Number of protein chains: 2
Amino acid sequence: MARNQISCKSKGHKHMILIVGFMKKFTMLSISSWQSALKLGREDPRRLVHALKVGVALTLVSFLYLLEPLFKGVGDNAIWAVITVVVVLEFTAGATLCKGLNRGVGTLCAGSLAFLIEFMAEKTGTIFRAAFIGISVCLIGFLATYLRFIPYIKKNYDYGVVIFLLTFNLITVSSFRKRNVLYLARDRLYTIAIGCGLCLLMSLLILPNWSGEDLHHSTVYKIEGLARSIEACVNEYFQDEDKDNKIMEENSFKDPIFKGYRAVLDSKSIDETLATFASWEPRRHSRHCYRYPWRQYVKLGAVLRHFGYTAVALHGCLESEIQTPRSVRALFRDPCIRVAGEVSKVLAELASSIRNRRRCSSDVLSEHLHKALQDLNSVIKSQPRLFLGSNNAPSNTNMLVDWRHDKHALSEVVLPSVKTDISSILERRSKRVADKSAESAERKVLRPTLSKLAITSLEFSDALPFAAFASLLVEMVARLELVIEEVEELGRAANFKEFSGQDGIA
Amino acid sequence: MARNQISCKSKGHKHMILIVGFMKKFTMLSISSWQSALKLGREDPRRLVHALKVGVALTLVSFLYLLEPLFKGVGDNAIWAVITVVVVLEFTAGATLCKGLNRGVGTLCAGSLAFLIEFMAEKTGTIFRAAFIGISVCLIGFLATYLRFIPYIKKNYDYGVVIFLLTFNLITVSSFRKRNVLYLARDRLYTIAIGCGLCLLMSLLILPNWSGEDLHHSTVYKIEGLARSIEACVNEYFQDEDKDNKIMEENSFKDPIFKGYRAVLDSKSIDETLATFASWEPRRHSRHCYRYPWRQYVKLGAVLRHFGYTAVALHGCLESEIQTPRSVRALFRDPCIRVAGEVSKVLAELASSIRNRRRCSSDVLSEHLHKALQDLNSVIKSQPRLFLGSNNAPSNTNMLVDWRHDKHALSEVVLPSVKTDISSILERRSKRVADKSAESAERKVLRPTLSKLAITSLEFSDALPFAAFASLLVEMVARLELVIEEVEELGRAANFKEFSGQDGIA
C-alpha cells in the first residue's frame, strides 16, 4: 500500500510537472502571439484604427436593438443592420463602398424580381405555387451562379450577385408561408440601409483608408525598390572581395536586391484589387469631376513588372555558376556602375514625381545616361579580344595583362578538364543508377555538384557572362523608356501639375 | 395645323426609328452575351455543371420550407439552410469544405462565447445588461477584426472569423429581448448543419471538382507552356526572314511565346489559393493516410516562376532594339536550337512524369543536353572575333565573310552617325523644351524614335546581344536543375510511383 501511495504521489508529481509545463508553454505562446499582434499594429497602425472602428460601429448599430426608443422604430429587423455592418465594413473606403453598393443593388434587384414572381404565382393553387417557386429558385440559382464565372462580373459585382441570390431565395421561399412578406422586405431594406449608411459614414468620414492612396503609394514604393535593387545588383557584381556565389535559397529572401524587386513581381492581383476598389472611391485630388485613371496605375504596374523581370535576370547574372573573372569585370566597372546609377536616378525621379503628383521633368532621360551608355560602348569596343577562347590566347596580350595573369593557371588545363569532367559525369551516373535505392538525401547533395561540374567545365568564353550582364543593362535602359512613357501617360491622364524647375530632380 | 400634324408624324417616325434601333442594339447585345456565355461553358463545362448543381441544391433545400412534412420538422429556421447553401457551395470541393467547416466552427465558437456572456449578464439589471452587451460587442468586434489581419488567419480562417463575429452579434444582441434564444440558436445550428451537409454532398459526391486536381493540372500545364515557349523563342530568334521587330504591345498578347510563359508569371496567388483549398480535401490518390504535399506544388510553382523570368529575358532578346545581324546568328543556329530543344524535352518529360504521377527518369538531364551545351561552347570558341568593334575590323576577315559583307554598309558610317545622332538628340531636346505646350500626342510619337536612335546609335559590339542570348540559354540550363530538384522532391513527398523503363521519355 505504501508503494501504492508513493506511486500515487509520483503520479501526482508527474501531473504537476505536466501542468506546469503546459502553463509555461501557454504563457510563452500567449506572449509570442501578443508580441506578433503588437508588431502587426506597429507595422501599420491603420489596422488598429480599423479594428476599433468595427468595434464602435457594431456597438452603435446594436443600440438600435438595445435602446428602447430606437427599437420601437425599427423592431426585430434591427438585427439585419448588425449583419450588414459585420459583412460590409471593410478596411478601405473603396472596398466598403463596393460591398455596400453591391449589397444594396443586389438586394433591390432581388426584391423586385421576387415580387414579380410572387405576383405571377399569387393567383394559383398551393401545389402549383410550390412548384413554380421551386423551378424559379433552381433557374435563378443556375443563372446567377453561371453569371459569376464571367470575368467582368467576377471582378466587379461578385458580391452583389451572391447577395442577389441570397435575398431572392429568402424572399421567394418565405413568401410561400408568410403573407406580409412585402412589409417584411421593406423593413429589412430600411435596416440594411441604416447598416450600410453607418458603414459608409465610418469608412468615408472617420479616419478613412483609401485604396487609391494605397495603390498610389505602392506604385511609388515599387519604383523605388527597383531603383535600389538595380544599384545594389551592379555594385555587388563589381565588388572586390569574392563572396561565395552559391547563396542559399533561404538567404536570398533577405537579400536587399531580392527585397527591392520582390514587391514588383507578384503585384498583379494586388494592383487589380486596389484599382477596382479605388474606382469606387470619390475623387479627392482634383477640383474637376473626371474619372481618375486608376487603370493607368495597373498598366504602369504591368510595365514595371516587365522591367522587374530584367532586374531578375540581372540578379541571375550574380548567382550564375559561370562567371567572368573579377579582374576582367573590373575593366568595365566604372561605366556599368554609372549606367546603373543613372537608371536608378531616373527611376527615383519618376517615383518622386508620382509621389508629389507632378509631371516628370521632360529631360528625365538625362544626357548623363546616354553619356554613360556611350562610355560603356567605347570601353567594350576598346577590349576587342574578350570573346577569345583560351586556345587562341597567345597572340593577344596587349591590354588584358592582369586578366591573362588571372586566367593563366586555368587555361592550361581547360581541355583535359573537360575530358575528365565528362568521364566523371558518366561515372557518377552509372553509380547513381546502381545506387537507386540508396538514401535520397545523398542524391540531392550529389546532384547540384554534378551539374555544377557539368556546366562550369564548359568554360565557354570568359566574357560571355559579362556580355550578358552588359546587354541586360542596355535592355534595361530600353525598357526604362516604356516605364517613362507610362508614367508620363499617367501624369497626363491624372492631370498632375506641370513640372517646374523648382521641383528639382531627386 | 397640317404642319403640326406632319411634324407630329415625323416625330412619331423618329421615335419608331429610335425604338427599332434600340431593339436592334438590344438583340445584338443579347446575342453577343449569349455567345460569350456559351463560350464560357465550352471552355470549361464544369462551370455549367456547377451552376446546375447550385440550382438543384437550392431547390432541394427550399423543399424544407415548401413541403409540409419537412416544414413541420424544422420550422421557420429552414431559411437558414437556404442561406447556408447560397454562401457555402463553392466551385471546388476544397473550397466548399473550407467554407463549410469554417462556418460550422465559427458558429459553434460564437454560440459558446455568447452563452458565456449571457450567463454572466443574466442576473443583473436591464441597464447594466445593455451596457455589458454593448461593451462585449465592441471588444469582440475589435479583437476579431484585428485577428483577421494576421496573415495565417487571413489565409485559412478569414471566413470563419467573419461568421464567428456575425453569429456572436446575432445571438448576443437578440438575447437582450428574447428569452428562448438558446433554443433558437440550437434550431438554427441544426438547419445550418443541414445546409452544410447538402453542400458537402453536392460538392464531394456529385461530379466533384477538386482544387488539388486543378493545382496538379495547372502545374503540368505551366511546365508544358514553358517548354513550348522556349522552343518557339529560340526558333524565332534564328528565323531567316527579317520580321518587323517592333511588335506592338497588343500583338504581344497573342504571341505564342508570351502565351507559353504567361500562365507561370502571375501564378502565385492562384497557386496559394488552390493549395489552401486542396489541403482541406480528403486524400484520394493513395492508400496511405498521409498529408499530401500541396505546399510542394507551391514551392515548385515559385521555382517555375523564377525559371519563367529567364524565359522572359530570353524573349526580351528577340524584341530588343539592338540585334546581332542574322548572318552572325546563323553561325550559332544549330547548337542553340539543340540546347533549347533539349531543355524543352526535359521540361516535357518533367510535365509528363507529374501528369502520370510517377517519378521522373533518373537520367532526365540527358547527356544530349550536355553534348548540346558543349557544341555551343566549341562553336562560340571557334568564332573568336565576335566582340571586335567595327573600327578594328579590317584585319579579321577569316571566317565571318558574309557577316562583314552584311555590315559593310554600316561600318563606314558608324562614327559620323554617332555624332549626328547626339547632335540630333540635343537638337530635338531643345525643340521639345520650347514646344512644351504643344500637343502631347506628338511628343509621345517623338519619344520612342528618339530613344531608338539614341540606343541603336551606340552600335555596341554586334555580338553583345547574341552573347546575352547564349548566356541566358546556359543560365536556363542551370535553373532547370532547380526545377528538376523540386519535381523530384515532389515525387518523393507525394509518393509517386517509381520510374520504370517502360514509361519511356516524352
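Below are the figures for this structure:
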item: At 7 Å out from Cα toward Cβ: A:D375 inter-copy label distances (nm, ascending); result: 4.3
item: Lys pairs, segment A:10-55 - Cα-Cα below 20 angstrom, 8 or more residues apart or on other chains; result: 4
item: Order of B:K268, B:K222 under a 10 Å beta carbon neighbour criterion, fewest first; result: B:K268, B:K222
item: Cross-link pairs beyond the 30 Å C-alpha cut-off, checked among A:K268/B:K497; A:K259/B:K222; A:K99/B:K155; A:K72/A:K154; result: A:K268/B:K497; A:K72/A:K154
item: Shape category assigned to segment A:27-109 from the gyration tensor of Cα positions, a/c cut at 1.5; result: oblate
item: Distances in nm from B:E122 to the matching label points in the other copies, shortest first (labels 7 Å along Cα to Cβ); result: 4.7
item: For A:H315, A:H368, B:H13, order by how many other beta-carbon atoms lie within 10 Å, fewest first; result: B:H13, A:H368, A:H315
item: Packing-based order for A:60-67, A:41-48, using average beta carbon neighbours within 10 Å, highest first; result: A:60-67, A:41-48
item: Sequence ranges B:341-351, B:30-40, ranked by mean other-Cβ count within 10 angstrom, highest first; result: B:341-351, B:30-40
item: Average beta carbon contacts from partner chains per residue of B:368-381, 10 Å cutoff; result: 4
item: For B:164-171, mean number of other protein chain Cβ atoms within 10 Å; result: 4
item: A:R188, B:R291, A:R295 arranged by Cβ crowding within 10 Å, fewest neighbours leading; result: B:R291, A:R295, A:R188
item: Average beta-carbon neighbours from other chains, 10 Å sphere, peptide B:84-90; result: 3
item: Among B:490-496, B:162-168, the order from most to least packed when residues are scored by Cβ within 10 Å on average; result: B:162-168, B:490-496
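Any read-out appearing in this document is the output of simple, stated calculations on the displayed coordinates, not a laboratory observation. Just so it is clear, the structure is predicted and the values come from calculations on it, not from any experiment. For neighbour counting, all protein chains shown are included, and Cβ atoms are generated from backbone atoms with ideal geometry for every residue, glycine included.
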